Amino acid sequence: MAEDFKVIVFTLAHEEYGIEVDKVRTIERMTPVTRVPKTPVFVKGVINLRGVVVPVIDLRSRFSLPESEPTENSRIIIVAANELEVGFIVDSANDVIDLNTDMVENPPEVIGGIKAKYLSGVAKFGENRLLILLNLSEVLNRSEIIQLEQFGA
């Protein structure tokens, strides 16, 4: 049976992506990120978010997309991943939409250079819009979560 769910829509390199609303804690404006040595290249560092140290990941870098400088539209989406809060740097976060599981198809092997393992599906909505839905458990795999948890400790 089809279920309705809400997603936060954000952009990366002119493509629209979505994360389920229940996984998103907050959306923040860009803030200075403190670099942490010996981290993967896509881990930009940490921020102090209301007294909590939050690791920050650049999704462009994570998905091997061309890097770009933050703009006034850039945002950090704070998500919950296995009891850990992590920030994702995105080009913009512009919408919350309602989707239905009937609108979601399995992702092709590669979309715009992003491997299917990072994606939970592709939703067709509106006139001719496609929304790429992220698989948070793969965007942050277990070993990376353990490594990031050490920053928050």
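Among strands (runs of 3 or more DSSP E) lying entirely in region 6-96, which contain 2 or more residues that are closer than 17 Å to residue 136 by Cβ? Write out each step before concluding.
On the way: elements: 15-20, 24-29, 43-49, 52-58, 75-81, 84-90.
Of the strands (runs of 3 or more DSSP E) lying wholly inside region 6-96, those with at least 2 residues that are closer than 17 Å to residue 136 by Cβ span 15-20, 24-29, 52-58, 75-81, 84-90.
When residue 108 is evaluated against the numbered criteria (1) assigned to a loop (DSSP other than H, G, I, E, B); (2) modelled with pLDDT under 85; (3) within 17 Å of the chain's Cα centre (by Cα); (4) not small (Gly, Ala, Ser), which criterion, by number, is the only one it fails?
(3)
As an exercise: evaluate residue 101 against (1) open to solvent by 80 Å² or more (accessible area, probe 1.4 Å); (2) in contact (Cβ under 8 Å) with a residue 60 or more places away in the chain and give the number of the one condition it does not meet.
Only one criterion in (1) open to solvent by 80 Å² or more (accessible area, probe 1.4 Å); (2) in contact (Cβ under 8 Å) with a residue 60 or more places away in the chain is unmet by residue 101, namely (1).
Checking residue 20 against (1) charged (D, E, K, R); (2) crowded, with 17+ Cβ neighbours inside 10 Å; (3) in contact with a Ser or Thr (Cβ under 9 Å, 6 or more places away or on another chain), which single condition isn't satisfied?
All conditions are met except number (2).
Could you pull out the residue among 123, 93, 81 that is at pLDDT below 80, small (Gly, Ala, Ser) and open to solvent by less than 40 Å² (accessible area, probe 1.4 Å)?
Only one candidate passes the filter, namely 81.
Looking only at residues that are in contact (Cβ under 8 Å) with a residue 40 or more places away in the chain and either surrounded by fewer than 16 Cβ atoms within 10 Å (Cβ to Cβ) or touching a Gly at 6+ places or on another chain (Cβ under 9 Å) (or both) in region 53-67, which one is nearest to residue 117 (Cα to Cα)? Spell out the reasoning first.
Pass one, region 53-67, residues in contact (Cβ under 8 Å) with a residue 40 or more places away in the chain: 53-55, 57, 59-60, 62-66.
Still in the running and either surrounded by fewer than 16 Cβ atoms within 10 Å (Cβ to Cβ) or touching a Gly at 6+ places or on another chain (Cβ under 9 Å) (or both): 53-55, 57, 63-66.
Working: 53: 28, 54: 24, 55: 22, 57: 17, 63: 11, 64: 14, 65: 16, 66: 20 Å.
Checking each candidate, the answer is 63.
Of 39, 34, which residue is over 13 Å from the mean Cα position of the chain (by Cα) and open to solvent by less than 60 Å² (accessible area, probe 1.4 Å)?
That would be 39, the only listed residue that is over 13 Å from the mean Cα position of the chain (by Cα) and open to solvent by less than 60 Å² (accessible area, probe 1.4 Å).
So which of 138, 144 is assigned to a helix (DSSP H, G or I), closer than 15 Å to residue 19 by Cα, at pLDDT below 90 and of a type in the set (D, E, K, R)?
Result: 138 is the single residue among 138, 144 that is assigned to a helix (DSSP H, G or I), closer than 15 Å to residue 19 by Cα, at pLDDT below 90 and of a type in the set (D, E, K, R).
The values are calculated or read from the model by the stated rules, or taken from the named source; none is laboratory data. Quick caveat, the model's predicted, so the values are computed rather than measured. Every residue, glycine as well, gets a Cβ built from its backbone with ideal geometry; the counts of neighbours run over all protein chains shown. Ligands, DNA and RNA are excluded from the accessible area calculation, which covers all protein heavy atoms including side chains. Shrake-Rupley method; radii C 1.70, N 1.55, O 1.52, S 1.80 Å.
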